[in-house]
Amino acid sequence: MMQKIYFQGTYGAYSHLAALTINPKAEIIPCKTFDECFLRASNEKDSKIVIPESNRITGNIGIEYLIFEYRLNIYSEYFQKIEHNLLGQPGANIEDIKNVFSHAQALSQCSKFIKKNDLNEHVRADTAGSAKMISQSKKKEDAAIASTLSAKTYGLDIIKKNIENEPSNLTRFLVMGKDIMQPEFGKKKYITSFLFKLKSKPAALYQSLGGFAINGVNLTKLQSYPEKNSFDSFFFLCDLDGHIEDSKVQKSLEELGLHCQDFHVLGVFEADPVREKKS
């Protein structure tokens, strides 16, 4: 049976490209919203989702509330190089373009090119959707910022390649699903991802993190997110270097647990090799 992978957006999106790279043999299915992706994966045992979690340039994508709500297991991480391209009608050139359409983050990540060419920005829901709209409009003065996959999918010309501000632009994707799986503890580099909510007491966060320092465990991500309908109660989303079966990690998490109302391991997975490369 062919595995299903869901992604948010339209065919040709960067999430679609990431899913193809991760598993080119899977049945890759678009969803209108991130919520729909999480809902499908929580209801379908063997399906997975490929979700953008953060971007190296513009920061978090904003899916934390869904991670907290659905608590799907994280199987792996994948860093996708984001190469933005100016796409237009066949035969169009840069002098023809007056308007550019794309997702807000893509427009932000290409701000220098947009300013240099005096283009009018138009924010749309996603990059690939913008490319699809341009292909249907047939207006030579309109262009989209999207992937080369979008150009191929919707029959558009690539007017200008790699127009992003930063050539080292990466988006971190998470592969998630309902089943609980984790690699055996070995000599590879691992990430343990978890969420927690602290007991309400003064200096709770400071006290809860002491175990990581004492045991020499490195935290690579610590992000707070307000609990629903509250401004004084927070969940924390955290990644650490190491496998949950490592004794140092276990001792650190045991110390953390003494200060928590809620604690949940989201996944243990091999670190993407990109983490070892210098920027």
Radius of gyration, Dmax [the stretch 120-187; alpha carbons; angstrom]
17.7, 56
PRE zone check, label point 7 Å out along Cα-to-Cβ of K116, amide N under 14 Å, scope the stretch 74-99, hits 84-86, 94-95
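I need I158, I180 ordered by Cβ neighbour count within 10 Å, fewest first.
Details: I158 16, I180 11.
Exposure proxy ranking, most exposed first: I180, I158.
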Taking the chain as the reference, fit the longest principal axis to its C-alpha atoms, fit the long axis of helix 127-137 to the helix C-alpha atoms, and give the angle between the two in degrees, 0 to 90, nearest 10.
20
Extreme residue, positive dipole direction of the chain, given options F173, G257, N43 (C-beta unit charges):
F173
How would you rank T192, T148, T127, going from fewest to most other Cβ atoms within 10 Å of each one's own Cβ?
T148, T192, T127
Using 7 Å Cα-to-Cβ label points, what is the V123/F263 separation (nm, one decimal)?
4.0
Output wanted: per-residue J couplings in Hz (rounded whole) for the stretch 186-203, from phi through Karplus 6.51 cos²θ - 1.76 cosθ + 1.60, θ = phi - 60°, x for Gly and Pro.
x, 9, 6, 8, 10, 10, 10, 10, 7, 10, 8, 10, 7, 5, 7, 7, x, 6
Find the centroid of the Cα atoms in the stretch 1-80 and in the stretch 170-204, then give the distance between the two in whole Å.
16
One would report the antiparallel percent of DSSP beta bridges in the chain, rounded to the nearest 5, as 75
Sorting F263, F235 on the 10 Å Cβ count, fewest up front, what's the list?
F263, F235
Computed over the stretch 9-72, Kirkwood Rh from alpha-carbon pairs, angstrom
12.6
Any chance you could get the radius of gyration and Dmax over the Cα atoms of the stretch 230-274, in Å?
12.8, 38
Debye sum, Cα scatterers, the stretch 35-131, no solvent: what log₁₀ I/I(0) at q = 0.24 1/Å?
-1.32
Amide H contacts under 5 Å for K160, placed H, 5+ residues apart
L86
Longest to shortest principal axis, alpha-carbon extents of the stretch 85-160, angstrom:
26, 25, 18
More than 27 Å apart - percent of Cα-Cα pairs taken over the chain
46
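What translational diffusion coefficient, in µm²/s and rounded to a whole number, does the Stokes-Einstein relation yield for the stretch 95-223 at 37 °C and a viscosity of 0.692 mPa s, taking the hydrodynamic radius as the Kirkwood radius over Cα pairs?
174
Compactness ratio of the stretch 151-206: Cα Rg over 2.2 N^0.38 Å, N = residue count?
Values: Rg = 21.2 Å, N = 56, 2.2 N^0.38 = 10.2 Å.
This ratio for the stretch 151-206 stands at 2.09.
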So, with +1 on the Cβ of K and R and -1 on the Cβ of D and E, and no other charges, what is the size of the charge dipole of the chain about its Cα centre, to the nearest 20 debye?
460
Helix-derived [θ] at 222 nm for the chain: sum -39500 (n - 2.57) over DSSP H runs of at least 4, divide by residue count, nearest 500?
-7500 deg cm²/dmol
Using only the alpha-carbon atoms, what does the stretch 190-276 span along each of its principal axes? Please give whole angstrom values in decreasing order.
38, 25, 18
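Any read-out appearing in this document is the output of simple, stated calculations on the displayed coordinates, not a laboratory observation. What you see is a predicted model, and the numbers here were worked out from it, not measured in a lab. Ideal geometry is used to build each Cβ from the backbone, glycine not excepted, and the neighbour counts take in all protein chains shown.
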